[in-house]
Amino acid sequence: MITQHYNSIHFENNLLKQIKVKENQLKIAQESNMLHVAEALQDELLKLQGQLSEPQDVEVQALMGLLDD
């Protein structure tokens, strides 16, 4: 259980780092008038942010479902 929690935290921290990198890349692309690159980076950023908001652990989802019942 502790290992799963650690893995979940590690996954989330990794996503946050990736999001920060994409935000910096997007800012540079926008400042450089690289419209197509900026659009692609926005798409990638949205996907990463979507992953961050998704529950990653099936067991946690199952436990939360038991709490709801």
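Points to keep in mind about this one:
- Whichever residue in the range 27-57 is under 19 Å from N13 (Cα atoms) and not in a helix (DSSP H, G or I) and, among such residues, is modelled with the lowest pLDDT: Q56
- Filter pass, V60 being modelled with pLDDT under 70 and surrounded by 11 or more Cβ atoms within 10 Å (Cβ to Cβ): yes
The values are calculated or read from the model by the stated rules, or taken from the named source; none is laboratory data. Keep in mind that what you see is a predicted model, and the values were worked out from it rather than measured. Here Cβ is always computed from backbone atoms with ideal geometry, including for glycine, and neighbour counts include all displayed protein chains.
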